[in-house]
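Take a look at the structure below.
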Amino acid sequence: MLAFTALAYFSKQQQYKGKPKAPRLFIIIMQKNRIIAGHGGNIVELAKIASCKPEAIMDFSSSINPLGLPDFVRSTVNRELESVTRYPTPNAAALLKTAATVFNINETYITAGNGSSQLIFALPRALKLKKALIPVPAYIDYEKSCRLTGMDVELLETREADNFAPTAALLAPLLQPDMLVFIGHPGNPAGSAMPTGELRSMIADNPETTFIIDEAFADFCEPDFSLLPKLPDNAIVLRSLTKFFAIPGMRAGLCFASPEISRKLSEYLPPWSVNTLTEAVAIKLLTDGGEYSTETLTLNKQLKTKLTMQLNELTGFKVYPCLANYLLVKTKHANENFYCQLLTEHRIALRNCANFHSLDETFFRIGLRSEKDNDFLVAALTHLTTEKSNTPFYFRRQKRKPSLMLQGTCSNAGKSILTAAFCRILLQDGYSVAPFKSQNMALNSYVTANGEEMGRAQVVQAEACRLDPDVRMNPVLLKPSSDTGAQVIYMGHPIDTMNVKRYFSAKAELFDRVKTVYDSLEADYEVIVLEGAGSPGEMNLKKADIVNMNMAQYAESAVMLTGDIDRGGTYASFIGTVGTFNVWEKKLLKGFIVNKFRGDASLLQDAHDYVFDYTGVPVLGVIPYIHDIGLPEEDSVSFSFTGTKKNKHEKTLDIALVGLGHIANFTDFTPFESEPDIVIRKVLSVEELGKPDIIILPGSKNVISDLEKMRQRGLDQAVIELVNTGTWLIGICGGLQMAGATIADPNHIESKLPMIDGLGLLPLKTVLATDKHLARSEATWLKTGRPLSGYEIHHGVTTCSDDALVSIESSDGRPIGFAADKIWLTYLHGVFDDDQFRREFIDMVRIERDLPPLVTPQSIYNTEAALNRVADIVRNNVELKQIYKAMGL
């Protein structure tokens, strides 16, 4: 019977001097000259011991690039998938050709294998040498591959004083003709190396000795570290794509040797060692991996420097200098419980180095992981090796507060409404909940009680949580001022106007500030419901993203991806969006929601099965199309008022809303849609304008630009003529400014023009000031004495040459509305949300039009009832238990 205990297996409970002895984790696995096992990364077995799922193991025992899989690997596999229907070339000819170009060496010097491990085991058989010399500690398969061929193996212990690096002085006396020498460059597990010049000289001085130089981790080193491309005839260089490019499951390795050795090696390799998909990915990695490589080297240096410093600060730990993406550590704390406790209590797997020659269990290797994981390791080691070890370990990979993020396959997929619905559902279920959208590009904004500007959608979502609007719910608000620029508002106040390129450059710093805001909001509530923006699959936006997957990653949110099936293409969009995801993004995605469906949801099951089979992600809800939803539209840079007469009074008023290019706060007029005697329609041309009863000039983020476009379309004169012949005109904010005599912009807030003429309907002069006026305002309609309320968001300071035209006065005595005959202008956004005032205003117009007034409010602009209704519909049409489980509730 073999007397050994395999990697990651515990011995049974033992009696030791009459006392129970704790189970022990062993890694020494040798019997005579036979190595049984001993690699890191066996998380399936580790999970069995820890009684958890494999994905719960924080695996530091393997050394894989913490940056993760390159983004382009998935697209390469998708593109080349059909190639699996044919045999690969026997010797991976395309890969060899690419490698020859990349490494500047002739193809006859290169052999491809199923990972460098296959090459390590084939080379001793192909070379047929009798003796081998291996400086240790070293990768254990060097010795195993030599012993399997019956070679005499001599192990040479390197010196701890040299950080276990082999030296020419140590090796030279033992070198012999017809001897095979294995050298890790850099070595594993120490990560140290002989200087490349010294190594090259030693090889040259011993031409009858064959050297295998394993450069599996050389990509983590400086460019001149490798022996390539100037390869001596008696040297063999091995390169691996596994570690650096994080593809251990796609085995790909390269051997560089003389044509003669390459020919011999090929005879000992099976044909088709590299499959078609791996070959395609390997070619892509070698040719297009430059940006990934740069990012890797930067990250590796940062992580290694910080973790080395942290470990050296711990009592009883010594870290050895390393050139690769791992660290060799020695500790005085290692005992029979050390590795066991790390695994069973903290789900941490280290590479115990006890089965490396010249090392013992006081040595362990750490493969670098993310900064957060590395910090957790340090905290666990601190806890385990101090007097606090008997107290609970509170640092443990603490999951953030439960959160859900609603993302969409496109803009206007229904994210805002669904976010509000889940906010209300969670509130109904007893949770303290708040909404959050890190960045909102919106035409609709709102001013809080503190005079801070935020997206209108987050205000509705706050209402769903029965909370007062808090600017932390929308820290960044972008208000487009041109096709390529926007005013940037941070925490309720404008900080700058930026074009797209400049804003992208500012995003990194802004995201750090957004994270701090999220932390603050999260601390005050039990659950956060986040809303994404646009689509998370926009490849041109992913790196600078601060609102979709990057935000979800920071918040550790369960992501639901929603699609508008009323538009069509939803299931293809689900699959296509997932196809753009990196591994970490896909882990965050917990389900799909089909939105705005008309029909029998059971007919969609085949599509749901297909999507699940393709992506591994389930469809967790089908939301029916909700008519007359009663909530403001999703924040967007577009809007729609269709002018439908369905279910309307037979004697309706026709309202034409001029569709400005930079319209702001179009929800000012949403309450009109619910009135039975109002038809409101968006118009873009003179032909569409017709002869309405009321014309609305809405707010604008760029009044001067929009006024110029009205003139280009002839809409300015058409509006003037209609107003002069009896059509009513409502102008709010920017619309008020347009209706006046002049608009001056001396500080170029909106335009390079210093001044522009308005429509001249009232003698108003507006100057755009640098500071924006933000306020919740109480006011009086002077005609009737009726109190009014709303909010102001404007740079304009407007004066009137005729005080008799002042129609609305704020509580602090400022004129914020002007009127004459059928012209009614105000700076108050949201003024028509008041059901009673809206009805009085409509009836005033009706009477003037010889139509009977309806007197009592005909509709109630009641978001509370609408929120409950939408929440009930969503609750009844999603798998809420599964969604809650994904959130951690």
What number in nm² do you get for segment 711-788 if you take the convex hull of its Cα atoms and divide its surface by four? 6.7 nm²
Crossing angle, helix 715-724 versus the chain [Cα axis fit, 0-90 degrees, rounded to tens]: 30 degrees
Please label the shape of segment 438-556 as rounded, prolate or oblate, based on the square roots a ≥ b ≥ c of the eigenvalues of the alpha-carbon gyration tensor (a/c under 1.5 means rounded; beyond that, a/b larger than b/c means prolate, else oblate). oblate
Count neighbours as other Cβ atoms within 10 Å of each site's Cβ, and list the trypsin sites (Lys or Arg not before Pro) in segment 481-572 that are DSSP loop with at most 15 such neighbours. Lys543, Arg567
So what's the angle, to the nearest 10 degrees on a 0 to 90 scale, between helix 371-384 and the longest Cα principal axis of the chain? 60 degrees
Pairs of alpha-carbon atoms within less than 8 angstrom and 6+ residues apart define the contacts here; what relative contact order does segment 269-386 have, in percent? 22 percent
Taking the alpha-carbon centroid of each part, what is the distance from segment 605-632 to segment 95-113 in angstrom? 49 Å
The simple spin-label model distance between Tyr610 and His493, using points 7 Å out along Cα→Cβ, in nm, is 5.4 nm
Does anything in segment 520-547 have its amide N under 18 Å from the 7 Å Cα→Cβ label point of Ser75, and if so which residues? 535-545
If we count every other residue with Cβ under 13 angstrom of Gly714's Cβ, Lys/Arg +1 and Asp/Glu -1, where does the sum land? -2
Can you tell me which lysines have their Cα less than 25 Å from the Cα of Lys772? Leave out same-chain residues fewer than eight positions away. Lys437, Lys479, Lys501, Lys507, Lys701, Lys709, Lys752
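Just the number, please: carbon plus sulfur as a percent of the accessible area of the chain, 1.4 Å probe, no ligands or DNA/RNA counted.
On the chain, the fraction of accessible area on carbon and sulfur atoms equals 52 percent.
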Over the Cα atoms of segment 219-318 the radius of gyration and the largest Cα-Cα distance (Dmax), both in Å, equal 17.7, 53
What spacing in nm lies between the two simple spin-label points modelled at Asn876 and Asp850, each 7 Å away from Cα in the Cβ direction? 4.8 nm
What is the local net charge at Arg839, summed over the other residues whose Cβ is closer than 14 Å to its Cβ (Lys, Arg +1; Asp, Glu -1)? -4
At 222 nm, what helix-only mean residue ellipticity would the chain give, in deg cm²/dmol to the nearest 500, using -39500 (n - 2.57) for each DSSP H run of four or more? -9500 deg cm²/dmol
Amide proton proximity set for Gly184, modelled H, under 5 Å, gap of 5+: Asp214
If r is the Cβ-Cβ distance from Asp224 to Ala56 and R0 is 41 Å, what FRET efficiency results, to the nearest 0.05? 0.50
Please calculate how many Å² of accessible area segment 143-182 carries per residue, with a 1.4 Å probe and no DNA, RNA or ligand atoms counted. 46 Å²
Consider just the alpha-carbon atoms of the chain and return their Rg together with their Dmax, both in angstrom. 35.2, 114
Calculate one ³J(HN,Hα) per residue across segment 753-759 by plugging θ = phi - 60° into the Karplus curve 6.51 cos²θ - 1.76 cosθ + 1.60, and present them in order as whole Hz with x for glycine and proline. 6, x, 7, 9, 6, x, 6
Explain nothing, just compute: Karplus ³J(HN,Hα) = 6.51 cos²θ - 1.76 cosθ + 1.60, θ = phi - 60°, for every residue of segment 70-84 in order, whole Hz, x for Gly and Pro. x, 4, 7, 5, 4, 5, 5, 4, 4, 5, 9, 4, 5, 5, 6
Extension gain (nm, one decimal) between Thr784 and Ser370, 0.36 nm per residue minus Cα-Cα: 142.5 nm
Counting heavy atoms of the protein chains only and a 1.4 Å probe, report the per residue accessible area for segment 768-889 as a whole number of Å². 46 Å²
Write out the trypsin sites (Lys or Arg not before Pro) in segment 731-811 meeting two conditions: DSSP loop, and at most 14 other Cβ atoms within 10 Å of their Cβ. Lys752, Lys783
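Convert 25 °C to kelvin, take the viscosity as 0.890 mPa s, use the Kirkwood radius over C-alpha pairs of segment 106-168 as Rh, and evaluate the Stokes-Einstein diffusion coefficient in µm²/s, rounded to a whole number.
Taking Rh from Cα pairs, D becomes 187 µm²/s.
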Percentage relative contact order, the chain, counting C-alpha pairs under 8 Å, at least six apart: 9 percent
Evaluated at q = 0.12, 0.17 Å⁻¹: base-10 log I(q)/I(0), Debye formula over Cα of segment 51-189: -0.77, -1.17
Please compute the modelled spin-label separation between Glu556 and Lys318, points set 7 Å along Cα→Cβ, answer in nm with one decimal. 3.6 nm
Measure nothing but the geometry: give the 0 to 90° angle between the long axis through the Cα atoms of 93-103 and the longest principal axis through the Cα atoms of the chain, rounded to 10°. 90 degrees
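If a/c stays under 1.5 just call it rounded; otherwise compare a/b with b/c (prolate if a/b is bigger, oblate if not). Do that for segment 516-572, with a ≥ b ≥ c from the square roots of the Cα gyration tensor eigenvalues.
oblate
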Using only alpha carbon positions, build the gyration tensor of segment 462-620, then give the equivalent ellipsoid semi-axes as the square roots of 5 times its eigenvalues, largest first, whole angstrom. 31, 19, 16
Ordered by residue, what ³J(HN,Hα) values in Hz, to whole numbers, does segment 809-815 give under the Karplus form 6.51 cos²θ - 1.76 cosθ + 1.60, where θ = phi - 60° and Gly and Pro are x? 10, 6, 5, 9, x, 8, x
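The values are calculated or read from the model by the stated rules, or taken from the named source; none is laboratory data. On a predicted model such as this, the values are computed, not experimentally measured, just so you know. Every residue, glycine among them, receives a Cβ derived from its backbone with ideal geometry; neighbour counts consider all protein chains shown. SASA here: full protein model, heavy atoms, side chains in, ligands and nucleic acids out. Shrake-Rupley method; radii C 1.70, N 1.55, O 1.52, S 1.80 Å.
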